[in-house]
Amino acid sequence: MATAVGFAGLGNMGQAMARRLLEAGFDVSVYNRTPEKAEPLLAAGARSAATPEGCVAGDGVVMTMLADDRALDNVVFGEHGLMDRLGPGGLHVSLSTISPQSARRIAIAHSERGAGYLAVPVFGRPEAAAAGKLWAVTSGPAAAKERVRAMLAAFAQGSFDFGDDIGAANTVKLAGNFLILSAMEALAEAFAMVEKRGISRSRLAELLTTTLFDCPAYRTYAPMIAEHRHSPAAFSLSLGLKDIRLVLAAADAAGAPMPLANLLHDRLLSLQSRGHGELDWSALALAASRDAGLD
């Protein structure tokens, strides 16, 4: 009999990850607030759940991939939430980018009912999830990590363990997203400068991604920023703003000044206020172009 796993949250990332679990032979039950998003997975063999609790056996595993802390709270603690069903022996694997404080709070709530919690935020865009090429970051009990090793292997090419502290993986995820946003800001400023001198942005992107910065973040975002290609969004600018707010909160709690994070926050907030929140978060680059007087 196939191992059962529940999956709640079928956005761009969740869709791809749940499909990889199906393709790996797991018995997957799916829940999404908007039921229509589950239809492609149901056609591929997934089971439908009308509520979050419906996608989890009492002693089973459930994965969540949700937009923010509030959405996760609703799925865990809301009416017919995971907390109503996930009992002793159950395990909640949170794949979302949330605050370390939320992760610890939810873990404590689960432990009071005999269930476990594992933080596993991931790096990579939906196309990487569909190809099984995400990178997972884990923190929490060692036994829980071992229990879901095969499940993670369905959509992640590898994982990095950051120990027992539940909040550690989310802190690392926030650090990584801050660095990605910082790279995009640097690219945007550099491309604006060369464009003002009549030099091809795309040609510079080609140079950078084959020499000095031959790495996934630059290979992904340099062409998008060079070509002003920010739609359709694989990860929205509004979600990037949510993440940088979490970065600043974590930095404040740690007593670690992050002046560049404050700049990125203001860039993203300004662009969202101008109606660009649903563009890809690479649209952060529009601010540098605007400041340079470029159309």
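Taken together, the values in this text are just the output of simple stated rules run on the coordinates, not laboratory data. Note that the coordinates shown come from a computational prediction; the quantities given were computed from them, not determined experimentally. For neighbour counting, all protein chains shown are included, and Cβ atoms are generated from backbone atoms with ideal geometry for every residue, glycine included.
Full extension of the chain between Cys215 and Ser111 gives 33.5 nm of extra length, using 0.36 nm per residue less the Cα-Cα distance. Centroid-to-centroid, using Cα positions, the stretch 223-249 and the stretch 106-167 are 23 Å apart.
For the chain, a simple Cβ point-charge model (Lys and Arg +1, Asp and Glu -1, everything else neutral) yields a dipole of about 300 debye relative to the Cα centre.
Over the stretch 24-129, what is the relative contact order in percent, taking alpha-carbon pairs closer than 8 angstrom and at least six residues apart? For the stretch 24-129, the relative contact order is 22 percent. The peptide list 88-94, 214-220, put in order of mean Cβ contacts within 10 Å with the highest first, becomes 88-94, 214-220. Determine the shape class of the chain: with a ≥ b ≥ c the square roots of the Cα gyration tensor eigenvalues, call it rounded for a/c under 1.5, and otherwise prolate if a/b is greater than b/c, oblate otherwise. It is prolate, given that a/c is not under 1.5 and a/b is the larger ratio. Could you tell me whether the stretch 27-133 comes out rounded, prolate or oblate from its Cα gyration tensor? Rule is a ≥ b ≥ c as square roots of the eigenvalues, rounded for a/c under 1.5, then prolate if a/b exceeds b/c, otherwise oblate. Taking the square roots of the gyration eigenvalues as a ≥ b ≥ c, the stretch 27-133 is oblate. If R0 is 30 Å, the Cβ-Cβ spacing of Leu269 and Glu79 corresponds to a FRET efficiency of close to 0.35. Just to be sure I understand: with springs between alpha-carbon atoms less than 10 Å apart, which residue in Ala261, Ala168, Ala18 has the highest mean-square fluctuation in the Gaussian network model of the chain? Checking each option, the largest mean-square fluctuation is seen for Ala261.
Dipole magnitude for the stretch 239-292: computed about the Cα centre from +1 point charges on Lys and Arg Cβ and -1 point charges on Asp and Glu Cβ, it is near 80 debye. In this simple spin-label approximation, Asp252 and Leu179 carry label points 7 Å from Cα along the Cα→Cβ vector, and these lie 2.5 nm apart.
Computed from the C-beta positions of Asp161 and Arg104 and an R0 of 25 Å, the FRET efficiency is 0.90 to the nearest 0.05. Label positions at Asp295 and Lys133, each projected 7 Å from the Cα along the C-beta direction, are separated by 3.6 nm. The mean sequence separation of alpha-carbon pairs under 8 Å and at least six residues apart, normalised by the residue count of the stretch 122-188, gives a relative contact order of 33 percent. Given axes a ≥ b ≥ c from the Cα gyration tensor, I'd like to know whether the stretch 125-241 is rounded (a/c under 1.5), prolate (a/b larger than b/c) or oblate. Prolate, because a/c is 1.5 or more and a/b exceeds b/c.
Candidates His276, Phe191, Ala249 compared by Cα position along the dipole of the chain: farthest toward the positive end lies Phe191, with charges placed on Cβ. Within the chain, helices built from complete DSSP H runs that reach 20 Å or longer along their own axis (Cα positions) and carry a mean Kyte-Doolittle hydropathy of 0.5 or higher are 168-196, 237-254.
Helical runs assigned H by DSSP (4 residues or longer) give the chain a calculated mean residue ellipticity at 222 nm of -15000 deg cm²/dmol, each run adding -39500 (n - 2.57) before division by the residue total. Between the listed residues Gly140, Leu181, Leu82, the Cα displaced farthest toward the positive end of the dipole of the chain, a dipole computed from Cβ unit charges relative to the Cα centre, is found at Leu181. Exposed loop sites were defined as GluC sites (Glu not before Pro) in DSSP loop states (anything but H, G, I, E or B) carrying at most 15 other C-beta atoms within 10 Å; in the chain the longest segment without such a site runs 113-226. Under 5 Å between amide hydrogens, built in the peptide plane, is the criterion, and for Gly6 it picks out Ser29, Val61, Val62, Met63 among residues at least 5 positions away or on other chains.
Charge dipole (Cα centre; +1 on Lys/Arg Cβ, -1 on Asp/Glu Cβ; no other charges) of the stretch 20-126 amounts to roughly 240 debye. Normalised by the number of residues in the stretch 183-233, the mean separation of alpha-carbon contacts (under 8 Å, six or more apart) gives a relative contact order of 40 percent. Of all lysines in the structure, the ones whose alpha carbon falls short of 27 Å from that of Lys173, not counting any fewer than 8 places away in one chain, are Lys37, Lys133, Lys145, Lys242.
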